[in-house]
1. Filter the stretch A:103-123 down to the residues that are open to solvent by 20 Å² or more (accessible area, probe 1.4 Å) and among the hydroxyl-bearing types (S, T, Y) and list them by number.
2. Within the stretch B:535-544, count every residue that is out of contact with any Phe, Trp or Tyr (no Cβ under 8 Å at 6 or more places or on another chain) and away from chain A (no Cβ under 11 Å).
3. Can you tell me which of (1) surrounded by 13 or more Cβ atoms within 10 Å (Cβ to Cβ); (2) over 29 Å from the mean Cα position of the chain (by Cα) is the one B:G410 doesn't meet?
4. Going through A:Q80, A:Q100, A:Q46, A:Q50 one at a time, which residue ends up being within 13 Å of chain B (Cβ to nearest Cβ), under 18 Å from A:S186 (Cα atoms) and either surrounded by fewer than 20 Cβ atoms within 10 Å (Cβ to Cβ) or in contact with a Gly (Cβ under 6 Å, 6 or more places away or on another chain) (or both)?
5. Please identify the pairs in which a residue from the stretch A:67-79 that is under 17 Å from B:P520 (Cα atoms) has its Cβ atom under 9 Å from the Cβ atom of a residue that is polar (S, T, N, Q) and modelled with pLDDT of 85 or more, counting only partners at least 6 apart or on another chain.
6. When you look at B:M341, is it of a type in the set (A, V, I, L, M) and more than 9 Å from chain A (Cβ to nearest Cβ), yes or no?
7. For residues that are buried (at least 24 other Cβ atoms within 10 Å of the Cβ) and more than 7 Å from every other protein chain (Cβ to nearest Cβ), tally how many sit in the stretch B:545-554.
8. Please work out which one of (1) without any contact (Cβ under 8 Å) to a residue 40 or more places away in the chain; (2) closer than 23 Å to B:F297 by Cβ is the condition B:P460 fails and give its number.
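The values are calculated or read from the model by the stated rules, or taken from the named source; none is laboratory data. This is a predicted model, so every value here is computed, not measured. Cβ coordinates were reconstructed from backbone atoms using ideal geometry, including for glycine residues, and neighbour counts include every protein chain displayed. Accessible surface is based on the protein model in full, side chains and every heavy atom, while ligands, DNA and RNA are left aside. Shrake-Rupley method; radii C 1.70, N 1.55, O 1.52, S 1.80 Å.
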Protein chains: 2
Amino acid sequence: MASQPESSLPERPKDERDVEGAAPSKNALKKAAKEKEKAEKAAKRQQQEQAEKDKAAATDTAAHLYGPISYTSPTTPPGQYFEDLGDLNAAEENKKVTVQARVHSTRKQSAKLSFLVIGEGDHTIQAVVAEGGGQGISRQMVKWCGGINTESIVRITGLVKTPFEEIKSTSITKYELHVEEIFMVSGAPEQMPIQRKDCNQPPPGEEEGDVEKEGVINVGLKARLDNRVISLRAPAQQAIIDLQSEVSFLFAEYMRKHKFKLIQPSYMAGAATEGGAGVFEIKYFDTKAYLTQSPQFFKQMAIAGDMKRVCINGPVFRAENSNTKRHLTEFTGLDFEMTIMNHYHEVLSFGEKLMISIIRALQTREECQHLVNIVKKAGYPEAGNFQLPPGDEAVRITFAEAKKLLKESGYEVGEDEHKDIDTAQEKALGAIIAEKHRTDFYTIDKYPRTLRPFYTHPDPTNPALTNSYDFFMRGEEIMSGAQRLHNYSELCQSMRDKGLDPLSEGFKHYTDAFKFGCPPHGGGGLGLNRIVQYFLGLNNIREATLFPRDPGRLAP
Amino acid sequence: MASQPESSLPERPKDERDVEGAAPSKNALKKAAKEKEKAEKAAKRQQQEQAEKDKAAATDTAAHLYGPISYTSPTTPPGQYFEDLGDLNAAEENKKVTVQARVHSTRKQSAKLSFLVIGEGDHTIQAVVAEGGGQGISRQMVKWCGGINTESIVRITGLVKTPFEEIKSTSITKYELHVEEIFMVSGAPEQMPIQRKDCNQPPPGEEEGDVEKEGVINVGLKARLDNRVISLRAPAQQAIIDLQSEVSFLFAEYMRKHKFKLIQPSYMAGAATEGGAGVFEIKYFDTKAYLTQSPQFFKQMAIAGDMKRVCINGPVFRAENSNTKRHLTEFTGLDFEMTIMNHYHEVLSFGEKLMISIIRALQTREECQHLVNIVKKAGYPEAGNFQLPPGDEAVRITFAEAKKLLKESGYEVGEDEHKDIDTAQEKALGAIIAEKHRTDFYTIDKYPRTLRPFYTHPDPTNPALTNSYDFFMRGEEIMSGAQRLHNYSELCQSMRDKGLDPLSEGFKHYTDAFKFGCPPHGGGGLGLNRIVQYFLGLNNIREATLFPRDPGRLAP
């Protein structure tokens, strides 16, 4: 008799302290001792099981056809390998194939017959284990197969067969797999902390815990993130992360085509950049360093070094203690910076075209649409309905026009023309523009100087305004950008106007870069996670992040 | 008379303390006050100069054709824009063009005639300013042009003309530019801390300072890095960084083609990973966090979450106080991890093909070869001579074979078969293999268990060895990789064997990931900077890094 996979039963962490980095307590030491005892018991049990197995094997004529995989098993030659389960759709009937996949469910029909559903990604197929089938399947083998824990990974060699009738419960409907050999590659425990199938739909809104509705469990976001290796197996959750990967690749493709260089900034600096607020401090040997808040300074230095067009795909760190649905302490930035020949709208237009090109690709490339459909099918209400402007011509309004639109719709925007639009108003503006222009993507140009950082270039025709812009998707900001000050004395003056010292340790290396001639330039920083979040209409940025970090989360 | 560009004369930092993040001292405050005074004086001077200019303009009929650029200048319509100076090669004679470029040199031939060499990247062209030419060039304008500081950026509108004889001192030899208008976009000071032209050749070996040889100054590596925005303008230095960008793009292209997902790991973790040595500590609100030492755990968690094939292009942080030519505290990792169907050589072969594909592209794609040639022309002796194995079939030897080869060549490798090969021996091995197999790229397989980290999968046929490998270029390691332990209890046992506690805070989230079924998998982490360094045969990894970080450098 083959043994069940090894495992000490996993527990869901009891509270945050269990998860985050506390020092080992007495309890922890006790627990460790207990775990050790447990492990010893498990080893003993395994020995016993092995002995039983050996005994059973003596009477089980199929013993070599199943059980835990080892270096010497399987003993028979494999069938044709199918690395992607989905490719079985294109296999020929009666073909002998070998696949490695996860067990989604098992069903022991009788002592003579077991069924398994095995899957990979969003592809699933039924596997049949019948006594006397294959190379002589035994009852013991049928029983063992019917008892495999879900989430275990098995390796099956078998024949592709047309079932008596189309199978409705699997994605591959026209074929089933007649098992000849089945080996346990990696066992899952009987009890899982959460179930993959309970993580596919959008997580419950504000609720931290699980929600049950009409018998369907919906695992809360916190538990999904605590158990990321399980929730990630849910097709919709994986498709979201896969779409993030697509955006990264599309960004690289577009930037390369437009002669940008992908550069590597430094993420550690000797002084706190951009003013020092919201910067993480690092112990750096005998001194201190800081995680850079953005690659802004490095991009600009590359431009001053004549690199002309540079882009970055990398982490951005923000030590801001904000716990919202749209903020993280670490996110991925898609940054770019380019020289300007005549007018900063060269940069703004480039950014608009970049974003429209990426979104259009997400909507038209087959591999992307496949992923969007998985998310949509899982019940995410806004997935797949993102509107691009007619003719792919970006809708661009000024900050003043944005406020006017809001005012016309009855929003209180105040008399002060330098006052910012708040997040709720931004969202409302998104709805107004979607209604008026049939687009969920648009840009706002010409922000007041008071609202932008010191390195922003003023509007030469109106010094109260700047040559700066934000990009929006569904009324949420996904990028901030501007022409930058490239003239050393103007930059220093702008810093002094904002109460900053251009010659301080934190700024000297940056301002120095502009002393030796620097071309006019501008750029922007896109938030990768937000692009995915708002393209799909996800409620929380954490859903669009593989391993999110916020003030309360540093693991897994 | 148009004024010279603004600038307070730059100084080269006097010592390290000036550069790195010390707290503002009394001296610094005094200095700031002085700077302020200086700035005020400069402003006053500027006013005076403006007044003088206004006066001169009254008598200078060409005053609108040159001088500092402003929002309202130039006043005449521009010629056709040429964003890339190199494109002028393909322009038609007599075409009116507008370019923005850096001044490489100026020469006042006479009161009536000045020459400029302007450049962008490795393209340069001669510009001619002749009295009476264009729209009526004045003597004042000729004089002003002849006095422009090198490294200033100018905007020129003029006519493309064939010179009397081919110009030998510029890259564009068949054309010169007859200036009609010239405006100062961004001024450089008269005195630069280092000269661009003195940074093009390989920096002096071990020397920190500059070296002068036969009248040619060669700026030392430290000064080059301290003044990165200037040294980066040297064509060879920029080509090195551009090649790094090419490798990043080639990596993305290859991985996408092979169905890898580009994921974003987290770079901050609640506990020190991989044992805690060499990890930077972060102040994380009221608690502590750590910069991850590698994306290893995140890649593996993604695999446990069924992502199947993942890759990463991102920073790697190492708090190791080593000051060598091949170590940095921050470098860029090109990581990948993939599931294994049958044998870990699937991963090893994939990695070999990936590297050969990247190097082959660097050697054959026109844009890459152009960059390699710039480096070669600058005097880097090994640039362009990298050998790939015949037929692009990777040369792969075992660790035992590597030691045998060394022994045969007279190297002392010791009797202990678990003893590592040291760096010097690795380098010697590179020469032996290059001699024997005509390749500068090869891989070594099957390292002893004692030499590899706890998560490495042992060789099932010989538990003293592991399913692990390193990649080498010119005898220097550029990648370390292996099959990983995917079985929870085997992983825990391996950790205990190495004296680590799998249930400790630092490891729990990692080990937990393997409790719920994980496919066999393996991968590796390539060092982007090292790939560029050894492909070109650069002496120091800092040459292949845009903004290097080491125990003594945190800026710029």
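1. Step one: list which residues in the stretch A:103-123 are open to solvent by 20 Å² or more (accessible area, probe 1.4 Å), which gives A:104-113, A:115, A:117, A:120-123.
Hits for the stretch A:103-123 are A:S105, A:T106, A:S110.
2. Taking the stretch B:535-544 first, the residues out of contact with any Phe, Trp or Tyr (no Cβ under 8 Å at 6 or more places or on another chain) are B:539-540, B:542-544.
With away from chain A (no Cβ under 11 Å) added as a condition, the list becomes B:539-540, B:542-543.
Residues flagged as out of contact with any Phe, Trp or Tyr (no Cβ under 8 Å at 6 or more places or on another chain) and away from chain A (no Cβ under 11 Å) within the stretch B:535-544 amount to 4.
3. Failed condition: (1).
4. On the way: A:Q80 fails: under 18 Å from A:S186 (Cα atoms); A:Q100 fails: either surrounded by fewer than 20 Cβ atoms within 10 Å (Cβ to Cβ) or in contact with a Gly (Cβ under 6 Å, 6 or more places away or on another chain) (or both); A:Q50 fails: within 13 Å of chain B (Cβ to nearest Cβ).
Testing whether each residue is within 13 Å of chain B (Cβ to nearest Cβ), under 18 Å from A:S186 (Cα atoms) and either surrounded by fewer than 20 Cβ atoms within 10 Å (Cβ to Cβ) or in contact with a Gly (Cβ under 6 Å, 6 or more places away or on another chain) (or both) leaves just A:Q46.
5. A:I69/A:S186; A:Y71/B:T461; A:P74/A:T98; A:P74/A:T157
6. Working: of a type in the set (A, V, I, L, M): yes; more than 9 Å from chain A (Cβ to nearest Cβ): no.
Here the answer is no, as B:M341 does not meet what is asked.
7. So the answer is 1.
8. So B:P460 meets the others, but not (2).
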